[in-house]
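The values are calculated or read from the model by the stated rules, or taken from the named source; none is laboratory data. Predicted model only: the values in this text are computed from it and were never measured. All Cβ positions, even for glycine, are placed from backbone atoms using ideal geometry, and neighbour counts span all protein chains on display. The area values use the complete protein model at the heavy-atom level, side chains included, leaving out ligands, DNA and RNA. Shrake-Rupley method; radii C 1.70, N 1.55, O 1.52, S 1.80 Å.
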Amino acid sequence: MSMTMTQKILAAHAGLERVEAGQLILVDLDRVLGNDITSPVAIKEFNRIGAKAVYDKEKVTMVMDHFAPNKDIKAATQCKMCRDFCGEQEIVNFFDVGQMGIEHALLPEKGLVVSGDVVIGADSHTCTYGALGAFSTGVGSTDMACGMATGKAWFKVPSAIKFVLKGKFQKYVSGKDLILHIIGKIGVDGALYKSMEFTGEGVKALSVYDRLTVANMAIEAGAKNGIFEVDEQTLEYIRERSSREPKIYKADEDAVYDEVYEIDLSEIQPTVAFPHLPENTKTFDEIGDIKIDQVVIGSCTNGQYKDLQEAAEILAGKKVAKNVRAIIIPATQDIYLKAIETGLVKTFIQAGCIVSTPTCGPCLGGYMGVLAAGERAVATTNRNFVGRMGHVDSEVYLASPAVAAASAVLGKIAQPSELE
């Protein structure tokens with residue numbers, strides 16, 4: 001029986017020759033992830049079920065990124081619980097202030113995920129690692145607790161949707177525009193509990209960072225996971241960061257897909273998701289004059305160095321519009337340092353932006369950029385639900401770093417070509 005990429009990875013980790021969509025299987029885990037919001041709940045459950053030790057001190061990972069550096073007493077208490085647990089359990093991959101970054105940018109950067117892995121994380125955007133050819137998905141804190149204790153998790157094998165990519169992007173178009181285009185096309189439940197599998201000659205035109213962005217937002221289409229076919233770009237990225245040997249799984253030629261979409265990358269336009277769903281997408285021929293109050297460039301979706309570089313190229317020599325707050329958040333310490341060394345931080349500050357330590361911060365309405373009633377933000381984040389970034393009467397518009405930077409300069413939702 002033929003299988004998709006995801007089905008092959010799950011079969012291998014379940015010790016089975018083959019699996020089929022809908023089948024319930026028990027799978028061995030290569031990594032279990034939590035953050036400062038979800039890990040405390042998992043720790044309580046871990047203790048409640050009577051577990052004494054984690055299954056592998058190397059494979060359990062916690063990253064303090066959502067409300068760290070601690071924004072208030074509750075956040076400090078949550079982080080302390082994680083610190084104490086990881087100290088007692090001698091967790092190797094515990095990342096706190098000074099070493100941490102936004103978890104889904106940090107793990108690939110540290111080489112903690114390679115092709116062929118199975119990863120669960122108590123955060124919905126754990127699906128990011130599919131960019132590297134891994135099966136990764138978000139779970140609840142109870143599943144995280146059981147994963148920490150046993151190194152296993154139950155899954156219902158997903159069916160799949162195939163996206164065949166061809167061509168290459170035009171100027172100012174990136175992976176963010178691609179995934180917003182797809183979600184606009186299929187809807188926020190268009191891939192519900194399915195695997196979104198990306199293949200075709202167009203994959204090579206996407207940088208690994210574009211792929212990370214696309215896989216990250218698979219959950220916004222309701223998907224169980226997003227996954228890219230592994231190529232030399234993937235392997236080069238992994239070799240530079242990990243000593244582990246990646247395992248490559250390729251879908252069978254006759255694998256069964258629920259749907260197949262062919263996408264010409266050259267036809268993708270700069271795209272913006274309007275409030276209050278990622279599927280509410282528009283291109284600039286549909287967008288009028290919409291003034292904004294804030295721009296956020298960062299998050300696990302678009303806080304990579306490539307994203308900052310694209311924004312800096314547009315902001316260089318320009319000023320952020322009056323009455324617009326522009327917030328730049330590098331996704332990791334290494335990205336932050338590189339941005340300092342290469343002058344990007346100077347460019348941002350001279351343009352009138354602020355630059356923050358790595359944190360999820362404003363993406364979830366946590367801190368470092370919460371919106372008041374009536375305010376509008378253009379953000380490179382992944383969700384624009386009601387109240388996502390603050391007050392329920394605020395609005396979030398999702399866009400690429402290039403669009404966000406142009407919008408900061410012009411004080412309205414804008415595309416970079418308007419500055420030329």
> So is residue 52 without any contact (Cβ under 8 Å) to a residue 24 or more places away in the chain and touching a helix residue (DSSP H, G or I) at 6+ places or on another chain (Cβ under 9 Å) or not?
Replying inline: yes
>> So, residue 319, is that one part of a loop (DSSP other than H, G, I, E, B), open to solvent by 30 Å² or more (accessible area, probe 1.4 Å) and either touching a residue at least 24 places away in the same chain (Cβ under 8 Å) or of a type in the set (S, T, N, Q) (or both) or not?
In response: yes
> Restricted to the range 265-287, and to residues that are polar (S, T, N, Q) and part of a loop (DSSP other than H, G, I, E, B), which residue is surrounded by the fewest Cβ atoms within 10 Å (Cβ to Cβ)?
Replying inline: 269
>> Contact list please: Cβ distance under 6 Å, first residue in the range 339-357 and surrounded by 14 or more Cβ atoms within 10 Å (Cβ to Cβ), second residue part of a strand (DSSP E or B), pairs at least six apart or on different chains.
In response: 345/355; 348/328; 348/355; 353/326; 353/328; 354/327; 355/328
> Does at least one position in the range 405-417 carry a residue that is of a type in the set (S, T, N, Q) and open to solvent by 20 Å² or more (accessible area, probe 1.4 Å)?
Replying inline: yes
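Looking at the structure I just gave you, is residue 290 among the β-branched types (Val, Ile, Thr), open to solvent by 10 Å² or more (accessible area, probe 1.4 Å) and more than 30 Å from residue 19 (Cβ to Cβ)?
Working: among the β-branched types (Val, Ile, Thr): yes; open to solvent by 10 Å² or more (accessible area, probe 1.4 Å): yes; more than 30 Å from residue 19 (Cβ to Cβ): yes.
When the stated conditions are applied, residue 290 passes them.
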> Among 107, 16, 33, 10, which is the only one that is modelled with pLDDT of 95 or more and part of a loop (DSSP other than H, G, I, E, B)?
Replying inline: 16
>> Looking at the range 164-180, I want the residues that are under 18 Å from residue 260 (Cβ atoms) and have a partner that is small (Gly, Ala, Ser) with Cβ atoms under 6 Å, at least 6 apart or on another chain. Which pairs are those?
In response: 164/200; 165/200; 165/202; 166/200; 166/202; 167/202; 167/266
> Within the range 270-300, which residues are within 18 Å of residue 417 (Cβ to Cβ) and under 21 Å from the mean Cα position of the chain (by Cα)?
Replying inline: 270, 271, 272, 295
>> For the range 175-201, give me each residue that is open to solvent by less than 10 Å² (accessible area, probe 1.4 Å), in contact with a Phe, Trp or Tyr (Cβ under 9 Å, 6 or more places away or on another chain) and either farther than 18 Å from residue 129 by Cα or among the aromatic types (Phe, Trp, Tyr) (or both).
In response: 177, 182, 198
>> So for the range 215-231 (the condition being open to solvent by 70 Å² or more (accessible area, probe 1.4 Å) and part of a helix (DSSP H, G or I)), does at least one residue qualify?
In response: no
> Mind checking which pairs have a first residue in the range 205-217 that is over 15 Å from residue 180 (Cα atoms) and a second that is part of a helix (DSSP H, G or I) and charged (D, E, K, R), Cβ under 6 Å, 6 or more apart or different chains?
Replying inline: 209/306
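Among what's in the range 33-44 and is of a type in the set (A, V, I, L, M) and within 23 Å of residue 363 (Cα to Cα), pick the residue that is most open to solvent (accessible area, probe 1.4 Å).
41
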